[in-house]
Amino acid sequence: MSIMFIYNLFLYIIIKDKSYIYYVFYILCAWLTQISIQGYSSKYFWTINSKMDEYSTTLFSITAVLFASLFTLTFLNTKHFSKTFEKLIKIFAVLTILNLFILFFVDTSTAFIVMQLLTLCGALLALSSSYFVYFKKHFKPAGYYLVAWSVLLIGAILFIMKDYGIIPYNNFTSYLLQISSAIEVMLLSFALADKINFFKKENEIAQAQALNASLENQKLIKEQNIVLEKRVKERTEELQNTNSTLNITLSNLKNTQSQLVDAEKMAALGQLTAGIAHEINNPINFVTSNIKPLELDI
């Protein structure tokens with residue numbers, strides 16, 4: 001438990017993930033619960049029959065359940081995967097806090113019984129939520145979490161059965177909770193490590209997808225540029241052809257205009273020439289027509 005505490009505290013300092021700090025406090029409270037059950041706390045930390053000795057087992061069990069609930073919320077990311085389980089776990093955490101008031105202000109034995117029931121219900125709730133997240137949402141790290149809480153649930157049930165005389169009280173059954181807790185803590189550490197790998201793989205996949213999308217975009221842009229360049233080239237050729245046609249038409253129009261101007265000039269010149277010829281022709285005709293009579297007269 002100490003190794004897991006130090007290891008995960010070190011990881012929290014590096015990663016800054018809230019799951020680790022809740023898990024660290026859960027390990028601490030679970031360890032304090034175990035040493036209180038075995039009597040080591042009153043031997044090394046506080047005196048026998050003191051108030052702390054009276055409250056220790058129930059107090060640390062309740063706080064362990066509370067931090068386990070918070071750890072479940074953050075580790076399974078129920079806010080994203082299941083709103084229903086998120087509400088149920090939050091309600092369960094509130095009930096756990098209320099049990100602390102029962103411990104300090106009502107009765108120790110009542111709080112102990114409620115704590116046992118809460119531990120059982122909390123394990124069932126953790127199992128069902130991890131089952132849902134693992135099988136329905138395909139969140140792989142929830143598999144370790146599911147196995148871890150299954151081990152703790154079995155240990156808790158057998159431990160409670162021992163307290164009520166259903167199974168015999170011996171060295172094995174008296175250490176069932178410690179054994180199951182140690183296995184659970186180890187499996188939860190694996191779960192946290194697998195969570196890091198899971199998100200790392202997801203991040204790599206996301207980066208690969210982003211890279212592929214970027215390459216696809218570049219390819220599309222390149223293809224679009226080629227198409228646009230082709231269209232621009234075709235349009236430019238069309239415009240050049242149109243301009244060439246317009247130039248030819250303009251040249252023809254200029255030639256036609258020049259011909260029309262020349263024709264007008266020639267027509268005007270013809271009229272002028274015809275007028276001059278007419279004016280010259282009249283006196284010539286007069287003279288020539290009167291030569292004969294003049295001869296006769298002479």
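We did not get these values from a lab; they are worked out from the coordinates using the rules stated. Model, not experiment: these values are computed from the prediction. Note that each Cβ is placed from the backbone with ideal geometry, even for glycine, and that neighbours are counted across all protein chains shown.
Give me log10 I(q)/I(0) at q = 0.09, 0.12, 0.14, 0.15 Å⁻¹ for the range 6-142, Debye formula, one equal scatterer per alpha-carbon, no solvent.
Computed log10 I(q)/I(0) values: -0.30, -0.53, -0.70, -0.78.
How big is the C-alpha Rg of the range 80-223 next to the rule-of-thumb value 2.2 N^0.38 Å, as a ratio?
My calculation over the Cα atoms of the range 80-223 gives 1.50.
How big is the C-alpha Rg of the range 229-294 next to the rule-of-thumb value 2.2 N^0.38 Å, as a ratio?
2.58
Residue farthest toward the positive end of the dipole of the range 1-117, with Cβ of Lys/Arg at +1 and Asp/Glu at -1: which of 100, 112, 25?
25
If you count, for each residue, the other Cβ atoms within 10 Å and average over each peptide, how do 26-36, 233-243, 128-138 line up from highest to lowest?
Answer by packing, highest mean first, reads 26-36, 128-138, 233-243.
Find which of 242, 255, 193 sits farthest along the positive direction of the dipole of the range 149-255, computed with +1 on the beta-carbon of Lys and Arg, -1 on that of Asp and Glu, about the Cα centre.
255
To one decimal place, what Kirkwood hydrodynamic radius in Å is obtained for the range 169-298 from all pairs of distinct Cα atoms?
27.0 Å is the Kirkwood radius here.
Which entry in (i) 63, 59, 45; (ii) 73, 46, 34; (iii) 187, 35, 33 is this structure's computed Cα extents along the principal axes in Å?
(iii)
Working from the alpha-carbon coordinates of the range 25-98, get Rg over Rh, Rh being the Kirkwood radius.
Rg/Rh for the range 25-98 comes to 1.13.
Go through 284-292, 47-55, 181-189 and give me the packing order, highest mean Cβ count within 10 Å leading.
Listed from highest to lowest mean packing, they are 181-189, 47-55, 284-292.
With label points built 7 Å along Cα→Cβ from the Cα atoms of residue 2 and residue 207, find their separation and express it in nm.
In this crude label model, residue 2 to residue 207 measures out at 3.9 nm.
On a 0 to 90 degree scale, rounded to 10, what angle separates helix 18-38 from the longest Cα axis of the chain?
With both axes taken from Cα atoms, the answer is about 10 degrees.
Can you give the angle from 0 to 90° between the axis of helix 142-163 and the longest principal axis of the chain, with both taken from C-alpha atoms, to the nearest 10?
20 degrees
Would you mind checking the tilt of helix 176-297 against the longest principal axis of the Cα atoms of the chain, expressed as 0 to 90 degrees and rounded to 10?
Tilt relative to the chain: about 10 degrees.
Return the distance in nm (one decimal) between the two label points of a simple spin-label model at residue 107 and residue 227, each offset 7 Å from Cα along Cα→Cβ.
Here the modelled spin labels are 8.0 nm apart.
Among 220, 149, 179, whose Cα lies farthest out toward the positive end of the dipole of the range 147-289, if unit charges sit on the beta carbon of Lys, Arg (+1) and Asp, Glu (-1)?
Of the listed residues, the answer is 179.
Using helices alone, I'd like the mean residue ellipticity at 222 nm for the chain: each DSSP H run of four-plus residues gives -39500 (n - 2.57), total over residue count, nearest 500.
The per-residue figure over the chain is -32000 deg cm²/dmol.
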